[in-house]
Every structure is written in C-alpha cells, then in structure tokens.
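Worksheet: one structure, shown below.
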Amino acid sequence: MMENLKTVHYNNSIVSGKIEVPGDKSISHRAIMLGSIAKGKTIISGFLNGEDCLRTIDIFRLLGVSIDRQGTDVTIDSPGINNWKTPTEELYAGNSGTTARLMLGILAGANISSAVLTGDESLSVRPMNRVTKPLHAMGASITSEIDNDLLPLKIEASSLAAIDYTNPVASAQVKSAILFAGLHAKGTTIVREDTLSRDHTEQMLSHFGADVRSNNGEISITGGGSLNGTTVHVPGDISSAAFFMVAAAMVKDSSLTFTNLGLNPTRSGILDVLGNMGAEINVMDESAENGERTGNVTIAYNKVLPTEISGSLIPRLIDELPIIALLATQAEGTTIIKDASELRVKETDRIAAVTNELTKLGANIEATDDGMIIQGPTVLAGGTMDSYGDHRLGMMAAIASLITTDPITIKDSACIDISYPTFFEDLEKVVGK
C-alpha cells in the first residue's frame, strides 16, 4: 500500500493574522454523548468534524439515537438511554481512546442486553483496564475475548452500585467513565483526584441537569436522575490552537490572534508554559457558555527561554507536550519535561516518538522514563518525519517546517484529520501562502 506522504516547507514565513480553530474535540465528544443519553432534543454548534468525533456519532446511531449533522451544527433527537436499542453490529471506536473509554462507562449503565466495543489496530493495544477495573467494582459486566482487558470488549446489562474511587492517575477519561456509569448506579459515586484532570465531563453533566458536584479534587454524582436535551456551543480547541501558538512564539516577528478559543483552566496550561518561555500573551473578551470559559488570545514572538514542566501542570497540557518539545529546541538552555509518563500510552509512545523524530532533524533531545530533556537552541535540518499515525505528531512535523533549513516530508499526514481536518488550509492562511 502506498504511503500517505506530504512535503511542506514554510521557512522564512511570518505567522500572522487571525484564526478560529475547529471545535474542541473533548467537548464535541461529550456533547454527543450527553445529548444521546438525555431524553429529547439537543442542538450543538461548533462541533468538530474530526474522525474521532464522527466515530462517536456512528456508535450512537447504532444505539437508535437520531443524529443529524449539517457542517458544524448537530441536532440530536434521543429517546433517552433507557430506551436505546441493542445494537446488531459491533460499536467501532476507530482510533479514538476517548470514545472507547467513555463508552465503557456509558454502556455499563445502559438498558441494552449487550454490545461489543471495538477499535482499530492501534486502539486495540491501548490499556482499558484502568477503566474496566473501577467499572467492575461498580458491578459492570465487561469481558474481553482473551481475558486481556483490551478491545474488543463485550458489555452486558447489569445493575450498578456507587463506589468511592481514588484515581491513581490524573485521567479525565477514567474519571468520565466512572461518572457516566454513576449516572445509573444506585447511590452517590465519588471520584477523588490528587491532581485535577480536565473537567469537561463535570461541566457538561451539570449543563444537562445531572446532580454532580466538585470540590477540592472530590467529584460526586448521584444516580437515578434523568437528563434532558439542551443547547451546547463548542468553543475552539486549545490543543489544536497550541500548534499555531508555538509557531507564533518561535518565528521572529510573528503575531497571531485566536478567536472563540476555549480557555477552560484545566486545559490552559499551554498559556502558562508559553508565558514562562518568553512569548507575549494577551487574553481578551473572556466569557462563559455552558460552563466553559472562552475568549480571544494573541500570541506574539519573543526570545525563547527554557523552562521546566512537571507536577500539576502536566494534566493541563498533556496533549501539547509534543509541540512544546519542538519549541524547546529553540530555547537558549535546558528544558525539562517530567511526570508525563501518560505520554507513553497515547496514540503512540509519544515520548519515544517525539525524541526519535526531532533527533532526526538534529535536535539535542533525550528521552526519560516520564518525559524529555531538551538542550537548545539548535538549527533543525529537514527530512522525513513519521507521524506514527498520531495526529499530534503529524501537526508537530508540519510546524517544524517553519524553522527547518530544508523541507519536511510527513509520513501518514492523513492522520491529522482525526482532530483537525482543515489544518493545512489554516496553516497556509497564517503564513500567507
């Protein structure tokens, strides 16, 4: 089979203008999920038409939920979770870990006899036991064909009971799966976190009418209530914007403004890091809608400084670490990323992949068990970079071409469609091509 290759080179281009990145992937997933669980009509604007989110839509259609999508506007008409139909086909999550892990919690409490959840080759080797373990403790019936807690997994109807669970890793996916199961469990389910993970699920559950509360790392939900359809506006995805933010921060004379950008505090760690690394940042016109903070942000170039990224900051920018590693190659000094072992179980082992691919370009970067050590500044050459089928690595490679001496050829650039189908169009706009 022919490899999907794309060659880019934007060296000597200034990054400027205004951009509105596509809708937030995490919020888009949850809007479809809660709109399908709820009874009645839900209207979503700003939905992300990425492959991962479309997989979520496909699954709920197989469960008997009517979903109409017109561009970035989505209308859901659901009979409610208690009236879903038992699917006659496998529920295919593709490469979407969010879809798979959150669906486990949803299906555990659904009023269907059984369902089989599957994924692509990559997703089928990603760990699911971090989710199935607490769900089993709630009474969920989830089994794997060869008893390895990997997809495909069969979920059968069962009665759920509330649990009090301390999450060993700051994972929004684990927390969300438990809270979704807690919607239909007897009693009050509690999830405890030492470090707060992204809280879109709590915000969305509250918006749809669930009895959910959050206080100092203790999130609780009372089962037995009903949810009703509502309206949801999805702001721009800060994880997608991060690639262009880094572009503006590392290319001399650049300044780029982002409009309608999600600024949820559990996701905005990229702004803290860019500020620490010297970028000029201006946040304007902040507001809130369906519990989510939004605003306009301008990022402008300044001399790039080294930094250390660790501890409670990590969950707030876990998906942005690959592109931050690229920025660190241009900093004058040593940048240290640690406490980020979660990167090893993403779409690929992002610690190994980022280290390998940036080393190819001439970066001075060393992988550690839980992060990276990057010495800068270094001049980066061109060459072929492998995305490993990981959208974040594909976009990192394209942004690298802004500062490489020669073109970058990206293997499997099509994977970028998972979260940002218009990425290359937007990139050419902001560099004036």
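Quick note: the coordinates plus some simple rules give every number you see, no bench work behind them. Bear in mind the structure is a predicted one, so any value in this text is a computation, not a measurement. No Cβ is skipped: glycine too gets one built from the backbone with ideal geometry, and neighbour counts run over all protein chains shown.
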Report, in cubic angstrom per residue, the convex hull volume of the C-alpha atoms of the range 254-359. 112
Starting from 0.36 nm per residue, how many nanometres of slack lie between LYS154 and ALA352 once their C-alpha separation is accounted for? 68.1 nm
Dipole of the chain, positive direction: furthest Cα of THR355, SER28, GLY269, with charges on the beta-carbon: SER28
Using +1 on the beta carbon of Lys and Arg, -1 on that of Asp and Glu, and nothing else charged, what's the dipole of the range 84-239 about the Cα centre, debye to 20? 280
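ASN215 to THR298: extension gain in nm, 0.36 nm per residue of separation minus the Cα-Cα distance?
Value of the extension gain: 26.7 nm.
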Sort 163-171, 416-424, 384-392 by the packing proxy (mean of other Cβ within 10 Å over each peptide's residues), most packed first. 384-392, 416-424, 163-171
For the chain, percent of DSSP beta bridges that are antiparallel (nearest 5) comes out at 70
So how far, in whole Å, is the C-alpha centre of the range 287-320 from the one of the range 247-282? 6
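Based on other C-beta atoms within 10 Å, arrange HIS29, HIS200 from fewest to most.
Lowest to highest Cβ neighbour count: HIS200, HIS29.
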Can you tell me the alpha carbon radius of gyration of the chain divided by the globular rule-of-thumb value 2.2 N^0.38 Å? 0.96
From DSSP H assignment alone, runs of 4+ in the chain each adding -39500 (n - 2.57), the sum over residues rounded to the nearest 500 puts [θ] at 222 nm at -8500 deg cm²/dmol
Could you quote the convex hull projected area for the range 1-151, Cα atoms only and averaged over all directions, in nm²? 12.4
For ALA177, what charge total do you get from the other residues with a beta carbon under 11 Å from its beta carbon, if Lys and Arg give +1 and Asp and Glu give -1? +4
Limiting things to C-alpha atoms, what are the Rg and the maximum Cα-Cα separation (Dmax) for the range 294-404, in angstroms? 13.3, 38
If you split all Cα-Cα distances of the range 91-240 into 5 Å bins from zero, what percentages do you get per bin, shortest first? 2, 10, 19, 22, 21, 16, 8, 2, 0
Test of the criteria: in the range 201-307, which trypsin sites (Lys or Arg not before Pro) are in a DSSP loop and have at most 16 other Cβ atoms within 10 angstrom of their Cβ? LYS252, LYS303
How big is the range 115-189 on each of its three principal axes, counting only the C-alpha atoms and giving the largest first in Å? 37, 28, 17
Where Lys and Arg each count +1 and Asp and Glu each count -1, what net charge lies around LEU62 among other residues with Cβ under 10 Å from its Cβ? -1
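Stick to the Cα atoms of the range 155-289, pair each with every other, and give me the Kirkwood hydrodynamic radius in Å at one decimal.
17.1
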Net lengthening on full extension, THR259/SER122 (0.36 nm per residue, minus Cα-Cα): 45.9 nm
Total formal charge among the other residues, if their Cβ is under 15 angstrom from that of GLY382, Lys/Arg +1 and Asp/Glu -1: 0
Residues VAL21, VAL430, VAL283, VAL304 arranged by fewest to most Cβ contacts within 10 Å: VAL283, VAL430, VAL304, VAL21
Going toward the positive end of the dipole of the range 343-433, with +1 on Lys and Arg Cβ and -1 on Asp and Glu Cβ, which of VAL430, GLY383, ILE418 do you reach last? VAL430
Given charges at beta-carbon only (K, R positive; D, E negative), |dipole| of the chain in Debye: 580
Using the Cα centre as the reference, give the magnitude of the dipole from point charges on the C-beta atoms of the range 1-156 (Lys, Arg: +1; Asp, Glu: -1; all else neutral), rounded to the nearest 20 debye. 480
Quick one: Karplus J couplings for the range 71-84, per residue in order, coefficients 6.51, -1.76, 1.60, θ = phi - 60°, nearest Hz, x for Gly and Pro? x, 9, 9, 10, 10, 10, 10, 10, x, x, 4, 6, 10, 5
So how far apart, in nm, are the two label points at LYS252 and LYS85 if each is 7 Å from Cα heading toward Cβ? 6.4
Loop sites only, by DSSP: take the GluC sites (Glu not before Pro) in the chain that have at most 13 other C-beta atoms within 10 Å and name the longest stretch containing none of them. 146-331
